[in-house]
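Novice: First, the structure itself, so that you have it in front of you.
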Amino acid sequence: MDEEWDPIELLREVEMNTLAEVKKRLVAGEMESLTSIVRELLDAKVNPREILENALILGMNEVGDKMGKREIFIPEVLLAARAMGAALSIIRPALLQQSDFKGKGTIVLGTVRGDIHDIGKALVRYMLEGGGFTVIDLGVDVTPEAFVQAIHEHNPAIVGMSAMLTTTMREMENTIKLFEQKGCRDKVKVMVGGAPLNRPYAEKIGADGYAEDASTVIREASRLL
């Protein structure tokens, strides 16, 4: 006697295979095909959190791992990040309709005063958004006062500061000191990163976390939370 097919199990297998395909297309940076599959899944009433957690976030984690191992480089990561952003824009309305949905937390991000480098910070933003965080990007040349204002406005869990010059990395310490003076240091975790930095320096200036590059930022942010 032939084994009977369980229709529910069959549908679940199809769904998991499709989610695996979503992850594959994301890692490859294939935005058009990725968004097409995501729309099909939503039309089929697949839970948007399944798409986010079991495909998109896993895909961005793989992108970060591959970047860390130098299997892919910034152009490929940017393609994947762009595809991730497009997919998120499709599922976000459905996610927000779920009353029990909670993101991983809000992160205020900016390049410190005197520094106008944006590419590294933008890559970090894409990675964090792909990892399920809400990111408030203050841009470049951000003053300590602007970071303080953003803490009051957005109530973030983490403030992330970037610097690409040895002359501007000192602004991170100045900003942390202003947090202390304004009484908001204990309200946030501070994460820093950038080419001239290292973990001992991050610890020296009083930061809570340090991300060596965009490939490690999701892991570090999750650790801080």
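Novice: Tell me which residues, restricted to the range 187-225, are part of a helix (DSSP H, G or I), under 22 Å from residue 67 (Cβ atoms), touching a residue at least 24 places away in the same chain (Cβ under 8 Å) and of a type in the set (D, E, K, R).
Specialist: Correct list: 219, 220.
Novice: Any residue in the range 138-157 that is without any contact (Cβ under 8 Å) to a residue 12 or more places away in the chain and at positive phi?
Specialist: Within the range 138-157, not a single residue is without any contact (Cβ under 8 Å) to a residue 12 or more places away in the chain and at positive phi.
Novice: Does the range 54-69 contain any residue that is exposed (fewer than 14 other Cβ atoms within 10 Å of the Cβ) and within 17 Å of residue 216 (Cα to Cα)?
Specialist: Checked against the condition, which is being exposed (fewer than 14 other Cβ atoms within 10 Å of the Cβ) and within 17 Å of residue 216 (Cα to Cα), the range 54-69 yields at least one hit.
Novice: Failed condition for residue 66, given (1) charged (D, E, K, R); (2) over 27 Å from residue 165 (Cβ atoms); (3) not assigned by TED's automatic domain parsing to the domain that holds residue 47, with all others met?
Specialist: (3)
Novice: Anything in the range 153-180 that is over 20 Å from the mean Cα position of the chain (by Cα), surrounded by fewer than 20 Cβ atoms within 10 Å (Cβ to Cβ) and within 15 Å of residue 190 (Cα to Cα)? List them, or say none.
Specialist: Residues satisfying the conditions are 170, 173, 174, 177, 178, 180.
Novice: For residues that are of a type in the set (Gly, Ala, Ser) and crowded, with 23+ Cβ neighbours inside 10 Å, tally how many sit in the range 108-130.
Specialist: 2
Novice: Does residue 109 fit the bill of being within 18 Å of residue 222 (Cβ to Cβ) and either at pLDDT 95 or above or in contact with a strand residue (DSSP E or B) (Cβ under 6 Å, 6 or more places away or on another chain) (or both)?
Specialist: yes
Novice: I need every pair where a residue in the range 26-40 that is surrounded by fewer than 19 Cβ atoms within 10 Å (Cβ to Cβ) has its Cβ under 9 Å from the Cβ of a residue that is of a type in the set (Val, Ile, Thr) and not in a helix (DSSP H, G or I), sequence separation at least 6 or different chains.
Specialist: If the second residue must be of a type in the set (Val, Ile, Thr) and not in a helix (DSSP H, G or I), the pairs left are 40/46.
Novice: Can you tell me which condition residue 46 does not meet? The list is (1) assigned to a helix (DSSP H, G or I); (2) out of contact with any Phe, Trp or Tyr (no Cβ under 7 Å at 6 or more places or on another chain); (3) surrounded by 16 or more Cβ atoms within 10 Å (Cβ to Cβ); (4) at pLDDT below 95, and all the others hold.
Specialist: (1)
Novice: Inspect all residues belonging to the range 181-188 and state whether any of them is closer than 28 Å to residue 53 by Cβ, touching a helix residue (DSSP H, G or I) at 6+ places or on another chain (Cβ under 6 Å) and charged (D, E, K, R).
Specialist: Looking for residues that are closer than 28 Å to residue 53 by Cβ, touching a helix residue (DSSP H, G or I) at 6+ places or on another chain (Cβ under 6 Å) and charged (D, E, K, R), one finds none in the range 181-188, hence no.
Novice: So, one more: Scan the range 146-155 for residues that are in contact with a helix residue (DSSP H, G or I) (Cβ under 7 Å, 6 or more places away or on another chain) and of a type outside the set (A, V, I, L, M) and jot them down.
Specialist: 147
Novice: State whether the residues of the range 86-101 include one that is in contact (Cβ under 8 Å) with a residue 24 or more places away in the chain, under 24 Å from residue 167 (Cβ atoms) and among the aliphatic types (A, V, I, L, M).
Specialist: Looking for residues that are in contact (Cβ under 8 Å) with a residue 24 or more places away in the chain, under 24 Å from residue 167 (Cβ atoms) and among the aliphatic types (A, V, I, L, M), one finds none in the range 86-101, hence no.
The values are calculated or read from the model by the stated rules, or taken from the named source; none is laboratory data. Model, not experiment: these values are computed from the prediction. Reconstructed Cβ throughout: ideal geometry from the backbone, glycine too, with neighbour counts over all protein chains shown.
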